[in-house]
1. Sort PHE284, PHE391, PHE27 by Cβ crowding within 10 Å, fewest neighbours at the top.
2. When only C-alpha pairs under 8 Å and at least 6 residues apart count, what is the relative contact order of the chain, in percent?
3. Could I get the Rg over Rh figure for segment 24-164? Both from C-alpha atoms, Rh via Kirkwood, rounded to two places.
4. Post the alpha-carbon centroid distance, segment 313-347 to segment 103-159, in whole angstrom.
5. Assuming R0 = 60 Å, what is the FRET efficiency of VAL207 and ILE440, from their Cβ-Cβ distance, to the nearest 0.05?
6. What is the distance in Å between the Cα centroid of segment 465-483 and that of segment 371-440?
7. Can you tell me the FRET efficiency between ARG48 and LEU399 if r is taken as the Cβ-Cβ distance and R0 is 35 Å, rounded to the nearest 0.05?
8. Any chance you could run the full-extension gain for ALA562 through ILE105? It's 0.36 nm times the residue separation minus the Cα-Cα distance, nm to one decimal.
Amino acid sequence: MKKPPRTKTRSSPPEPSTLLANFFTRFFWLLLMLIIALGFALRAADLRADPPPNLSWSFAPYTDESLNTYSARNYFLYGTWKTDDFFPFVIYPLVNILVALIFKIFGMGFVQVKIISLLSGVLGILLIALLLREKNRPIAGLLAALFFATCYPLVMYSRLGLVETLEILFLLLTGLCWIKGLKSPGLLTLAGFFAVGTVLLIKLSAVFLIPVMLILIVTELLTSTEQKKSLFSMIYFFTGVIAAVLVWLLLVYLPYRHEYLQYVLRHSSESPAGHPGTIPAYFFNTFTFGLRSRLILRTVWIAIIGYLFLPGLAKSGSRPYRYALLWFIFGILLLGYMNYRPPRYEIILLPVLLIATAGALNQFLISGTILPGSRISIARTALYACWLVPFILQLMLHLSKFQNYPQPGNEAGILFLSLVISLVVAFAGYGLLQLLPDGISIKSGWLRAGIVALLILFNLRLDLIQFSNWFNNRTYDLISYSKELDRILPENAVVLGTWAPPLMIESRKRAIAVTDWANITDPLNRFDLTHLIIGEGESDQLLLHQLPPRILQNSKLIRQFAIRGQIIRILALSGAGSDSAPQPGSGHYNPATADTTRFQATPH
């Protein structure tokens, strides 16, 4: 008896998510190298140009790269880290050591001071991809790398010689070595070193990483099925911790204990900007992260998607998302304690939102879920309502065009209203899930892929438009004024002022920094000054009040520049020489009119 012929069953075509996963798995390293090349091109384009004038409400993008690396300049020129009161080596030791090494190899200049930050930004692209990369699911890693490569604030701050980009690199290194080290314990030694090194060797405000790592350690020990093995592996972690502490003791604390303690007190409990005075003020300060700095508006797609989906991703048990959630929570709680919080302080939280956005888009591409079908408890709904409060608060402030921005001391009312609205929104979602037990999802894989592609394009467009606007209108004020200043100053010039280090990055002449507490007292008798550089900041006003009136009356105004609307005056003190004749409009400096009179900037 003949067997009936077999009928061929047509297999259903593979899902777009499967096709994409296979494609990205096969070409992961090629695509990642292309993304890194894009990130490098954005960060390295014309490094001698000024930063965007609207990058920050503070002047930090113009001044702080020279102030953060002030000790490196002194070491390169004079062979010692400390030459006066201003001594950033004790709180930024690693940055100053690396920049001093760069100066030794490539010389001193505007570009050289940015190299460590630039390389940190480029390496961050690689690390964030490896942190999220999963077996056969590389999409999240590549998306995170792409977002990190093009993120406008991260790009622009990577172009400046500041410490925050290196801090982000160490935060990523800590997370990556921790997660990989749980399978290969030797890497836990590096995780411990990077965790404590971030705090002690890069920036003290990274102290929020300590509770993050303690929680991760406790969680791992409690959930491990092999507790003895896990407990033993933690020895590797604490070996790295001890190594970092020993390095810090030898480099910083033992030789410079007094200076270190002075800096810690000055930048914490005695900070002139102060701290929130009440609990409502603290929570308002915390919940308005990225508002004044405009970081949320500059990264609106990343900010919204990443923030809303971060808790759900961390709940899935994935270690990278758990680390990211703790990084964000403790980071934002620390930032809330600071009244002085320029954008460069807040950018350390942007990688978390990038990670969460990449993870959310990857999950949506695979499952299509918009609202989950699983039952959610009332307690979890209430917790998510609390998570929504910062989002609702900032949305209210934006919709009212900040008309309802509270006066100091009146923050409790708007916080309570935000909480009420958040509870209403969260429990409305809870009620909707009761009516839709299967949740809400999009079945079509191609539609899901199209939505993800559209969101990626919207985000890329936002980033690249901002970069293009700066690049097409870039200026060179800082480097032009620096060259002119170096030309007119005599070889034996000793220059004091808040703008002296920024304007003399490429000069070998003595530049002495001034802050509201460093080098401000009796500078004439302490330093053989020939020139002053006077701006319009608070420290400049303090310096003017410290100097005897006769000194200012006898000084000669030899140049004046304008940087982002602030007039910078170059004064030659009585008896000091200059290599060029005074420009039109220069003359004796009149301290009585200095605070109110505006001058035209010298052409360059």
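1. The order, fewest Cβ neighbours first, is PHE27, PHE391, PHE284.
2. 14
3. 1.06
4. 19
5. Working: r = 42 Å, r/R0 = 0.69.
The calculated FRET efficiency here is 0.90.
6. 41
7. 0.30
8. Extra length from ALA562 to ILE105 when fully extended: 161.2 nm.
Laboratory data are not the source of any read-out in this text; all were calculated from the coordinates shown. From a predicted model like this one, the values you see are computed outputs, not experimental measurements. Positions of Cβ are backbone-derived with ideal geometry, glycine not excepted, and every protein chain shown enters the neighbour counts.
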